[in-house]
Amino acid sequence: MAKVKFTSNRLTEFTCPVDKHQIFLWDSESPGLGLRATQGAKSYIYQGKLNNQAIRMTIGDIKTWSIKDAQAEARRLQTLVDAGTDPRQAKAEKIANAEAARVRAKTQAMRESITVQSVWDDYLANHQDYWGNRHHRDHLNLSQAGGQPKKRGSGLTVQGVLYPLLQMHMVDINADVLANWQKQEAQARANNARQAFEMFRAFWRWCGQHKDYSSLIDAQAVENQDVRKKVPSRKAKKFDVLQRAHLADWFNAVRDLSNPVIATYLQGLLLTGARREELAELKWSDIDFKLGAMWLKDKVDNEGRMIPLPPYLSSLIAVLPRRNEWVFSSHTAADGKLAEPRIAHNRALDAAGLEHVTLHGLRRTFASLAEWVEMPVGVVAQIMGHKPNATAEKHYKTRPLELLAIWHGKYEAWILEQAGIEFAQSEQMQGLRVIK
């Protein structure tokens, strides 16, 4: 294999004959360095032997590589071969490492660009089918941008407590950010700040268990003690109940409401202790008038729970208009069921001259007033759909409907007595009210 000293003129004059596919010219000063000429192209190559096997690899085009640089590269490749390394493999690994670095850089850029809002929307979409309407609506309200005309009343909606966090990138959320957010929001709206933190903590924990988001977050940010100290404490609503002395005025005002559906619904909340959404979602198919029972969609138990339908409440429900599948129907609501009874309830409270009591306060009232008839704690919990409380009951047991009906009937009868409502019950139901 003839060798010559590489010069610019020699490389320029060296061309591939038209009757050949390729020809080679070898450098006399750099072992293994050659020039390969094909029809229309010339490039430097390296050729050597590794483990008695010939190897060849391209260095680069003579238009981009100088003779000096090509010779240096050939010597470097020869050094690798002398050390027993295949330069082709080393080059492939270099390319692979460069590609991996490029992918990492691209992934990091994508990670840094993902906003909390985009993942929050995914979170809501994944949970909407499992949440009640009220719970889902609370998430939307506390994360809204604000500035939109109110659906009810005048003015614009207020920006939700969560909104500032949702505009940030996932990788930027840390304990300091959360602590400052809570400190600022708690000053103006403490209850919303606490509720928003609880929602965000559940969301962040979900992200930590999600394969697409776990690597984006600082999972311990919501568990940080400094952050937790900034979250306003939950204060029990000591006065969000009706007292025994309030019952007559409350029932009179509620029964005077022009909408019998709302009037029955409000009385149903107090007489059953049901959650507002549970009772609002009651369907006609969920009621058995003959058995004196109704089936509620339970927040705790996905299968729901069956509770007694006491006589007075049964008589109210029986005469309600059957517009659709919903017991508490509405001809104006988009989904056909009662949507917002709070306005009517507040109007009734004002008419009765009573302090404000929330709809959830009527559920609290059930639990509070049940003590007057000495209803067992376990019976109260089962009717209300509470989780079994081992502290209150040494051995939790599920009581049959007939036993629940005895206590529930006794409770309703006592409530009606305190409210001054006369209601004629059948002898059979009268018998259920008596504890033998």
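The values are calculated or read from the model by the stated rules, or taken from the named source; none is laboratory data. Note that the coordinates shown come from a computational prediction; the quantities given were computed from them, not determined experimentally. Virtual Cβ from ideal backbone geometry, glycine too; neighbours counted across all protein chains shown.
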Counting only residues that are more than 14 Å from Y265 (Cβ to Cβ) and among the small types (G, A, S), which one in the stretch 275-313 is surrounded by the fewest Cβ atoms within 10 Å (Cβ to Cβ)? S285
So if I check each of F328, F289, which one is within 30 Å of E371 (Cβ to Cβ), in contact with a Gly (Cβ under 9 Å, 6 or more places away or on another chain), assigned by TED's automatic domain parsing to the domain that holds A367 and aromatic (F, W, Y)? F328
Scanning for something in contact with a strand residue (DSSP E or B) (Cβ under 7 Å, 6 or more places away or on another chain) and within 29 Å of G84 (Cα to Cα), does the stretch 6-13 turn up at least one residue? yes
Does T58 satisfy being farther than 16 Å from F24 by Cβ and modelled with pLDDT under 95? no
Could you list, in sequence order, all residues of the stretch 412-431 that are part of a loop (DSSP other than H, G, I, E, B) and modelled with pLDDT of 55 or more? G420, I421, E422, F423, A424, Q425
Just to confirm my filter: which helices (runs of 4 or more DSSP H) fall fully inside the stretch 85-162 and include at least 1 residues that are modelled with pLDDT of 90 or more? 116-127, 133-143
Could you please tell me which pairs satisfy a Cβ distance under 8 Å, a separation of 6+ or placement on different chains, a first residue in the stretch 111-133 that is surrounded by 14 or more Cβ atoms within 10 Å (Cβ to Cβ), and a second residue that is among the small types (G, A, S) and part of a helix (DSSP H, G or I)? R111/S215; W120/S143
Picked from the stretch 170-193 (must be of a type in the set (D, E, K, R) and surrounded by fewer than 19 Cβ atoms within 10 Å (Cβ to Cβ)), the residue nearest to H127 (Cα to Cα) is D172
How many of the residues making up the stretch 141-172 are over 22 Å from the mean Cα position of the chain (by Cα) and aliphatic (A, V, I, L, M)? 1
Hits in the stretch 237-296 - residues which are among the charged types (D, E, K, R) and under 14 Å from F366 (Cα atoms): D240, R244, R275, R276
Taking the criterion of being in contact with a strand residue (DSSP E or B) (Cβ under 7 Å, 6 or more places away or on another chain) and of a type in the set (K, R), would at least one residue in the stretch 29-45 satisfy it? yes
Any chance you could count how many residues in the stretch 272-296 are part of a helix (DSSP H, G or I), over 21 Å from E402 (Cα atoms) and of a type in the set (D, E, K, R)? 3
If K297 satisfies every condition in (1) within 25 Å of the chain's Cα centre (by Cα); (2) under 27 Å from Q382 (Cα atoms); (3) not assigned by TED's automatic domain parsing to the domain that holds R342 but one, which is the exception? (3)
Hey, among A334, A318, A293, which residue is free of Cβ contacts under 8 Å to residues at least 60 places away in the same chain and within 21 Å of F423 (Cα to Cα)? A318
Using the structure shown, decide if R255 is under 29 Å from R347 (Cβ atoms) and among the basic types (K, R). yes
What do you reckon, is S30 small (G, A, S) and assigned to a loop (DSSP other than H, G, I, E, B)? yes
What pairs come out if I take residues in the stretch 75-103 that are assigned by TED's automatic domain parsing to the domain that holds P31 and β-branched (V, I, T) and pair them with residues that are surrounded by fewer than 13 Cβ atoms within 10 Å (Cβ to Cβ) and not in a helix (DSSP H, G or I) whose C-beta lies under 8 Å away, six or more apart or interchain? V81/K49
